[in-house]
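Peer 1: Have a look at the structure that comes next, please.
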Amino acid sequence: MKIMTCPVNGPRPLQEFVYGGDVTEMPCPDQVTDEQWAAYVFERDGAPGPHKEWWYHAPSGVWFIAERDTGTDEISNTYLYNG
Amino acid sequence: MADPIFIERLPAAGHEWIDRDQRLCFSFEGRRYGAYAGDTISSALWGNGVRLLGRSFKYHRPRGVYSMCAHDANVMLENGETLNIRGDTTLVEDGMDLTAVNTVGSLRYDLAGLTDRMSGFLPVGFYYKAFHTPNWMFPNWERMIRDIAGLGKVNPAAEWKPSPKGYDACDVLIVGGGPSGMAAALAAGRAGSRVVLVEDTRCLGGSLCYAGATAPESVATINSMRDEIAKLENVEVRLNTSVRGCYSENWLAMIGPGGMTKMRATAVVVATGAYEQPAVFRHNDLPGVMLGTAAQRLAHLYRVKPMQRALVLLGNDYGYGVALDLKAAGVEVAAVVDLRETIGKGELVHDVKTAGIEILAGQCVYEAHPAGGLRGIKGARVCPVNSDGTCISTTGINVNCDGIVMATGWAPAGDLIGQAGGRLNYVQDAAQFRPDELPPGMFAAGRVNGVFGVDARVEDGGQAGGQAAAFAVGKELPARRRPTDEIIAPSHPYPIVKHPKGKAFVDLDEDVQIKDIVNAAKEGYDSAELVKRYTTVGMGPSQGKISNLNSSRILAKATGQTIGAVGYTTFRPFTQPTTIGELAGRRFHPDRRTPIHSRHQAAGAVFMHAGAWLRPEYYGPRVRHQAIVHEVQAVRHSAGIIDVGTLGKIDVCGADAAEFLERMYTGRFSDLTLGRCRYALMCDESGVVIDDGMSARLGDDRFYVTTTSSGSAAIVREMKRWAMIWGLEVTIIDHTGQFGALNLAGPESRNILGRLTGLDISAGGFEYLGFREAVVAGVNCRLMRVGFVGELGYELHVPAQHAAALWDAVIEAGQPEGIIPFGVEAQRLLRMEKGHQIIGQDTDGLTTPLEAGLAWAVKMTKPFFIGQRSLKIVEPRPNVRALAGFVMHDSTVMPSECHLVVDGDEICGRVTSIARSPTLGHVIGMAYMRPDQTTPGTVIDIRVEGRLVQAEVAKLPFFDPSNERQKS
């Protein structure tokens, strides 16, 4: 089992974390076409490689971003969301 | 009864593993045998002269001792309910009653032994080819093959035995307690690491325990190292424990006497040693043919004379030591057959010569000669051979012997390295694979690392232990230097000799022969992975540990590739057979119980699982249906009480609380006034309904929100994420486990509640969808006047520690009206009569509020809410389906949830809820259907187990459409 470093709680076993999907910024709903909006909602790049992902440390309720290579499963960095 | 058969062992000596003071008795195939405590089943049987220990899987050939170290897959036994016991490693217990698995009839008169004579008609890939022509015959063939195949018969009535699981952590885990592992433990222990040293046999020492002539000082070495280890308090030794799998980041599964331990190690030293590899020649599988280390184990650990007259086939100097060991055990060594043309000059070779043992260099065993009556072998033919395994002449000489001992080379026990993502490379000089790239925090030492001399192994282990200790504390790793090893080429590159009549076995588990590998190569299966699947080599219980290397050698030769290019098959957990029971361990599903659980138990509740929660389904002693009707009628006619403590309960506070709810939920909350609550519906970003509940205003900057029971954790999580992304001044406090809640419902509920509180709860004082904070039965309580079940009702939320007392007080107060508790099933029925949807039951992963009849709860005119943009795309389009109610007046055949609504060939929707309504006296339900079918009075077809039944679409709600009751 993997260890993941929560930016607040430090290294913790992976089973304490919940995956929250790719970090994708919501476009302004009023300024996009239907197609662009649908792309935001549904289309994700699943190709193995470096990804920015949302992760949640469930016992403490901390959301943060992890930079993870989904090909090698290496987590290079974790940090709190900063607007 | 006759005395058990017992033949006395060799005189006590050295490092034996048997306790001669304890005699045991067991039976095998109906005959009784004596044994010493510490004997394995195989050592006891072999010591008593038994040669036929099992039958092979495919051809049912006779098999005996081969490895004596967990790879003897053909010696599997059954002891009552315990199946597939390995004879070579399982200790004899007094009174065991053993039979061999995989026989038809008995081990001696195995009817399936006929397959051996038919083997010429069972070529490689036979199953794939023969049994699919014609295709329709396959199911019959399959049934027959399944009857013949398989090892042991599971008794489904066997008693369940819990096998516990533990969790542990250490700085350095050392796998293997041989000289390199012990040296690693000493080095890491002295460096201050918390060390766990795991050894899968009963004592430390590894191969030194049976090294004999190959390492004369071995017993002294073991003892001194073991004593040194015992002095270190930070080194823990775990015997009889094997590491079965290595998962990401040094997370290892170990199984020992106490069950499974999941070990988190910062660094791992793999000192797992090497598997001795057999030679391949005709009849190399018969009882009496065994590995050099197997003969050494028999002779040294169990003091069993492995045979009377031995032929030693070897390809390295180690084998000369084995020959000396045999001689020391009183075995007559007929000759040493050295595959190499030039024999070594080492001390062991010299000793063999001095002992007067004949050495036949540049020769091979061309074939073994079976003795009649399943007694093993009676001799062998020795022929001159080239280094690539081709016989120069097949005339040769015949040698009489009842045993052939093979010492031709090794393969690293690199399973854990492979599982962890490391790589092994083929080293031509050493004719074997060696670890190349190791994942971070993993270190290899000893034979697995290609280091063979005892001193070299100790040095290698010490270095690995030092590196592991440094890694564990994040220090720079000390440099590693390969020790000088006196043994240069421990493996022969091709100890394989073809025979025109075959029966030269590469894999004993699966009866794979040389010709099978060659034929697979001819058919185009040119990599180790493909050959494995096509021929099943390495797929048996020993998982190729003593067959994969030879298979790769044959394949490489047949395809003209190097062994490195052919490669090896992927190492996967488990390194040794692991029972489902060991994995399953003890069931660990904590049930969540509400604070009122004990009251439900006392009231005779029948519980059901609702997500993680245990909830009363209904209350006994009535049978299910009658109980539900009884509970429904109480709520409709008088009063009932239900525990709704499983609902998600969230405080949303902060200056932006109202704005936050506006964005999270589809409805409007900024205009919700103090002391009021409102239905709250939540969508995801694609506009699909995901949750609902109530939202009450506690203050200007404070709301109390409920969610569905199953959704609470996810909703809290999403709320926290969006609050952070939007940067709103809002705090989410999850009270789900901290608050208990109950719903008092029914026409009498106001009267009952009135006896418990000073709050004005008159129709005008506490109106429908009102919210109050007040003292009820002496407890500070949040009250919501809601009507999920379609009656006058109050939801009371209190801190968990007061919930049971409040429940008692309400029941007590409701005695004059005959209040009773009702369960989840009654609530489901009540709400359906009232036409209320349950999110997740009457909606699915694609349902929009527009389809589910919830458009009224969606305020599209708001500036923003999650899902709004998607709903704006969907809204102008006609719905594909819509949720509607239906009734069935004739219901001899009653549909179930998820039965399809059809129109001819078209599937229009499905039933989401259905039940017989005690209030209305007929069957009511909700279903998705085509929007044009939703007009009340339309007759729809529902397909029930192939039949069509008719239902009539009805207007929702079925009951009290003017809401008089819940608003009263």
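Peer 1: Could you tell me which of the residues B:Leu728, B:Leu759 is within 21 Å of A:Ser60 (Cα to Cα) and modelled with pLDDT of 95 or more?
Peer 2: Unique residue meeting the criteria: B:Leu728.
Peer 1: Write out, first by first residue and then by second, each pair whose Cβ atoms fall under 8 Å of each other, whose residues are 6+ apart or on separate chains, and whose first residue, in segment B:699-726, is on the phi < 0 side of the Ramachandran plot and away from chain A (no Cβ under 14 Å) while the second is outside any helix (DSSP H, G or I) and aromatic (Phe, Trp, Tyr).
Peer 2: B:Phe703/B:Phe669; B:Tyr704/B:Phe771; B:Ser709/B:Trp613
Peer 1: Here's a follow-up. From the list B:Ala826, B:Ala809, B:Ala803, pick out the single residue that is in a helix (DSSP H, G or I), in the same structural domain as B:Ala745 (by TED's automatic domain parsing) and either of a type in the set (Phe, Trp, Tyr) or under 18 Å from B:Phe958 (Cα atoms) (or both).
Peer 2: Details: B:Ala809 fails: either of a type in the set (Phe, Trp, Tyr) or under 18 Å from B:Phe958 (Cα atoms) (or both); B:Ala803 fails: either of a type in the set (Phe, Trp, Tyr) or under 18 Å from B:Phe958 (Cα atoms) (or both).
The conditions single out B:Ala826.
Peer 1: Another question, then. Being more than 48 Å from the chain's Cα centre (by Cα), closer than 21 Å to B:Phe822 by Cα and among the acidic types (Asp, Glu) is the filter here; which residues of segment B:766-812 pass it?
Peer 2: B:Glu791, B:Glu812
Peer 1: Could you look through segment B:457-503, keep only residues that are among the small types (Gly, Ala, Ser) and surrounded by fewer than 17 Cβ atoms within 10 Å (Cβ to Cβ), and pick out the one that is farthest from B:Met406 (Cα to Cα)? Walk me through it before giving the result.
Peer 2: Step one: list which residues in segment B:457-503 are among the small types (Gly, Ala, Ser), which gives B:461-462, B:464-466, B:468-470, B:472, B:474, B:479, B:489, B:491, B:502.
Next, only the ones that are surrounded by fewer than 17 Cβ atoms within 10 Å (Cβ to Cβ) stay: B:474, B:479, B:502.
On the way: B:Gly474: 45, B:Ala479: 38, B:Gly502: 19 Å.
Step by step, filter segment B:457-503, then rank; the result is B:Gly474.
Peer 1: One residue is enough: does segment B:177-187 have a residue meeting the conditions at pLDDT 95 or above, among the aliphatic types (A, V, I, L, M) and surrounded by fewer than 16 Cβ atoms within 10 Å (Cβ to Cβ)?
Peer 2: Step one: list which residues in segment B:177-187 are at pLDDT 95 or above, which gives B:177-187.
The next check asks that each one be among the aliphatic types (A, V, I, L, M); those that pass are B:182-187.
Now restrict to residues that are surrounded by fewer than 16 Cβ atoms within 10 Å (Cβ to Cβ): none.
Within segment B:177-187, none of the residues are at pLDDT 95 or above, among the aliphatic types (A, V, I, L, M) and surrounded by fewer than 16 Cβ atoms within 10 Å (Cβ to Cβ).
Peer 1: Taking segment A:60-80 as the region of interest, how many residues are more than 9 Å from every other protein chain (Cβ to nearest Cβ) and either part of a strand (DSSP E or B) or closer than 12 Å to A:Phe17 by Cβ (or both)?
Peer 2: 13
Peer 1: May I pose another question? Condition first: assigned to a helix (DSSP H, G or I) and either within 21 Å of B:Gln277 (Cβ to Cβ) or in the same structural domain as B:Leu204 (by TED's automatic domain parsing) (or both). Can you find one or more residues in segment B:488-495 that meet it?
Peer 2: no
Peer 1: Next question. When B:Leu883 is evaluated against the numbered criteria (1) surrounded by 23 or more Cβ atoms within 10 Å (Cβ to Cβ); (2) in contact with a helix residue (DSSP H, G or I) (Cβ under 8 Å, 6 or more places away or on another chain), which criterion, by number, is the only one it fails?
Peer 2: Going through the list (1) surrounded by 23 or more Cβ atoms within 10 Å (Cβ to Cβ); (2) in contact with a helix residue (DSSP H, G or I) (Cβ under 8 Å, 6 or more places away or on another chain), B:Leu883 breaks only (2).
Peer 1: Report yes if some residue within segment B:894-901 is among the acidic types (Asp, Glu), on the phi < 0 side of the Ramachandran plot, assigned to a loop (DSSP other than H, G, I, E, B) and free of Cβ contacts under 8 Å to residues at least 60 places away in the same chain; otherwise report no.
Peer 2: Yes; the residues of segment B:894-901 include at least one that is among the acidic types (Asp, Glu), on the phi < 0 side of the Ramachandran plot, assigned to a loop (DSSP other than H, G, I, E, B) and free of Cβ contacts under 8 Å to residues at least 60 places away in the same chain.
Peer 1: Can you name every one of the strands (runs of 3 or more DSSP E) wholly within segment B:422-462 that holds 1 or more residues which are hydroxyl-bearing (Ser, Thr, Tyr)?
Peer 2: Values: elements: B:424-427, B:432-435, B:442-444.
By residue number, B:424-427.
Peer 1: Looking at segment B:736-765, which of its residues are assigned to a loop (DSSP other than H, G, I, E, B) and surrounded by fewer than 20 Cβ atoms within 10 Å (Cβ to Cβ)? So that I can check it myself, show each step before the final result.
Peer 2: Within segment B:736-765, the subset assigned to a loop (DSSP other than H, G, I, E, B) is B:736-738, B:746-748, B:755-756, B:758-765.
Result: B:Gly737, B:Gln738, B:Pro747, B:Arg755, B:Gly758, B:Leu759, B:Asp760, B:Ser762, B:Ala763, B:Gly764, B:Gly765.
Peer 1: May I pose another question? Just to verify a result, which residue in segment B:406-433, among those that are surrounded by fewer than 23 Cβ atoms within 10 Å (Cβ to Cβ) and within 29 Å of the chain's Cα centre (by Cα), is nearest to B:Ile563 (Cα to Cα)?
Peer 2: Selected residue: B:Arg423.
Peer 1: Name the single residue that is modelled with the lowest pLDDT among those in segment B:361-373 being within 46 Å of the chain's Cα centre (by Cα) and surrounded by fewer than 20 Cβ atoms within 10 Å (Cβ to Cβ).
Peer 2: Out of the qualifying residues, it is B:Gly373.
Peer 1: Does A:Gly83 fit the bill of being part of a loop (DSSP other than H, G, I, E, B), under 16 Å from the mean Cα position of the chain (by Cα), facing chain B (nearest Cβ under 10 Å) and modelled with pLDDT under 95?
Peer 2: It is true that A:Gly83 is part of a loop (DSSP other than H, G, I, E, B), under 16 Å from the mean Cα position of the chain (by Cα), facing chain B (nearest Cβ under 10 Å) and modelled with pLDDT under 95.
Peer 1: Further, regarding this structure: Specify which of the listed residues (A:Arg44, A:Arg12) is in contact (Cβ under 8 Å) with a residue 40 or more places away in the chain and more than 10 Å from every other protein chain (Cβ to nearest Cβ).
Peer 2: A:Arg12
The values are calculated or read from the model by the stated rules, or taken from the named source; none is laboratory data. Keep in mind that this is a model prediction, so the values were computed, not measured. Heads up, the Cβs are rebuilt from the backbone with ideal geometry, glycines too, and the neighbour counts pull from every protein chain shown.
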